[in-house]
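Step one of this worksheet: look at the structure below.
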Amino acid sequence: MKLTHRAKHCLLALGLGLAATSALAQQRINVNIGSSHPTTNIWAYAMKEVFQPEVDRILKAAGGKYEIRWREAYGGTLYKFTDTRAAVKDGIVDVGMVGTLWENSAMPLQNVTYFTPFATTNHELLIEIFDKLNTTVPALRDSWAAQNMVPLSSLITDSYDIYATFPIRTMADLQNKKINAPGTSANWLNGTGATPVDGALTTYYTNIQTGVTQGALSFASGIGPARVYEVAKHLTRIDIGSMYFGAVAVNKRFFERLPKEVQDAFVQAGRATSKAHGEHVTKVANAAMETMKAAGLQLSDLSAEEKQKWVKSLPNIVQPWLQATGENGKAVLKAYFDELRARGVKPLRDWDRENL
């Protein structure tokens, strides 16, 4: 059938009207997202590269009723690493990277791995465990809620070892050595004869170069980009373990005001972010190791016998943490080690059985 000019005009007007109605029906939601670190950093990478596009994809696949307008503030443009908790808690950003490692006073339960070294070197497994624990262990879930946050995706480090100006063949090699070991990781040197010195990835190079320290406790995905291997030519693999670092979290009040469909998209995208984060850390750590070896880094493994000496020489470093966290700490410690063993992991020291 041939349409008249008037009919064509009416159909065009109807089409434009429907399009306008559809556009009006779509709800735009502003989301402020950011971090204290740039998106090249292992903890911020997946936020930009996976979380945001995954939320967009899920909402579009659901019919496009909602659209997110992302307002990005990565790289410390709004807040520094000391303020990651406050930034999300107080709504400076709606979604952000929260480093609970730096929040031992406000969020001590999240630091359980730092008080239980030599548990697992499998960082991808650690993400799975804490994604589960953060939602199933009431003490952990409630501690996030008390900070006005909902965790969406767990953040980790790859395994800690020692990068130094000397190789470590026996425990005796650590005697009277100064090793950068920030925060709680200083506990891992108790009984070894080494002296822990506070610091960060940004200070290790200069500390070692100037003789303030002779090495650092750290992980490949951090040491590589910081080029610490240029002044610390020896890597001794101790397998102290991967650590739970914190989470990508959303402000709880903001989250609860979101439509259910958008909340679900955030949760689903959080799971995808966890998987991508684990894979990215693996890729970055492997690439860093190849770069460091090509630059002359000397690798060695501490023998099983010497490693056992180290593990056994440590005092009961989890006990003060349990005294401070009480029954909630016990619940988290038990749940964590139960999950490790359920996945076939055999920790080198049974911190839970010593204390529960």
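Cross-link pairs exceeding 26 Å between alpha carbons, from the set LYS80/LYS307; LYS233/LYS309; LYS65/LYS132; LYS48/LYS334: LYS80/LYS307; LYS65/LYS132; LYS48/LYS334. Between THR165 and LYS65, the simple spin-label model (points 7 angstrom out along Cα→Cβ) gives 6.4 nm. Comparing THR113, VAL212, ILE127 along the charge dipole axis of the chain, the residue lying farthest to the positive side is ILE127, per the Cβ-charge model. The share of accessible area on the range 89-194 that comes from carbon and sulfur is 47 percent, using a 1.4 angstrom probe. Between ILE29 and GLU67, ILE68, ARG69, the built amide H atoms are under 5 Å apart, and every one of these is 5 or more places off in sequence or on another chain. If amide H atoms are built 1.01 Å from N in the plane of the peptide, which residues on other chains or at least 5 residues away come under 5 Å of the amide H of SER153? Correct list: VAL248. Most simply put, the chain has about 50% antiparallel DSSP beta bridges, counting only bridges with both residues inside it. Tell me whether the range 156-238 comes out rounded, prolate or oblate; compute the Cα gyration tensor, take square roots of the eigenvalues as a ≥ b ≥ c, and use a/c under 1.5 as the rounded threshold. Verdict is rounded for the range 156-238. Basic side chains Lys and Arg get +1 at the Cβ, acidic Asp and Glu get -1 at the Cβ, and with that the dipole of the chain about its Cα centre reaches some 1020 debye. Relative contact order of the chain: 23 percent, from C-alpha pairs under 8 Å at least 6 residues apart in sequence. The angle between the Cα long axis of helix 318-342 and the main principal axis of the chain comes to about 70°, on a 0 to 90 degree scale.
Considering only GLY246, VAL262, ILE223, the residue lying farthest towards the positive end of the dipole of the range 222-304 is VAL262, judged by Cα position with unit charges set on Cβ. Seen from SER159, the other residues with C-beta closer than 10 Å to its C-beta sum to a net charge of -2, counting Lys and Arg as +1 and Asp and Glu as -1.
Most tightly packed first, judged by the mean number of other beta-carbon atoms within 10 Å of their residues, the peptides 188-201, 107-120 read 107-120, 188-201. Distances between placed amide hydrogens fall under 5 Å for GLY199 paired with ALA181, GLY183, all partners being 5 or more residues away or on another chain. Peptides 272-279, 86-93 ranked from most to least packed by the mean count of surrounding Cβ atoms within 10 Å: 272-279, 86-93. Computed over neighbours whose Cβ is under 11 Å from that of ILE223, the net charge equals -2, Lys and Arg +1, Asp and Glu -1. Computed from Cα atoms, the angle from the helix 304-313 axis to the main principal axis of the chain rounds to 90 degrees. Per residue, the accessible area of the chain comes to 46 Å² when a 1.4 Å probe rolls over the protein heavy atoms. Sorted on the mean count of surrounding Cβ atoms within 10 Å across their residues, most packed first, peptides 215-227, 252-264, 149-161 read 149-161, 215-227, 252-264. For the chain, the longest principal axis of the alpha carbon atoms and the long axis of helix 5-25 meet at an angle near 30°.
The values are calculated or read from the model by the stated rules, or taken from the named source; none is laboratory data. This one's a predicted model, so the numbers in the text were calculated from it and none came from an experiment. Cβ: placed from backbone, ideal geometry, glycine included. Neighbour counts: every protein chain shown. The accessibility values were calculated without ligands, DNA or RNA, using every heavy atom of the protein model including side chains. Shrake-Rupley method; radii C 1.70, N 1.55, O 1.52, S 1.80 Å.
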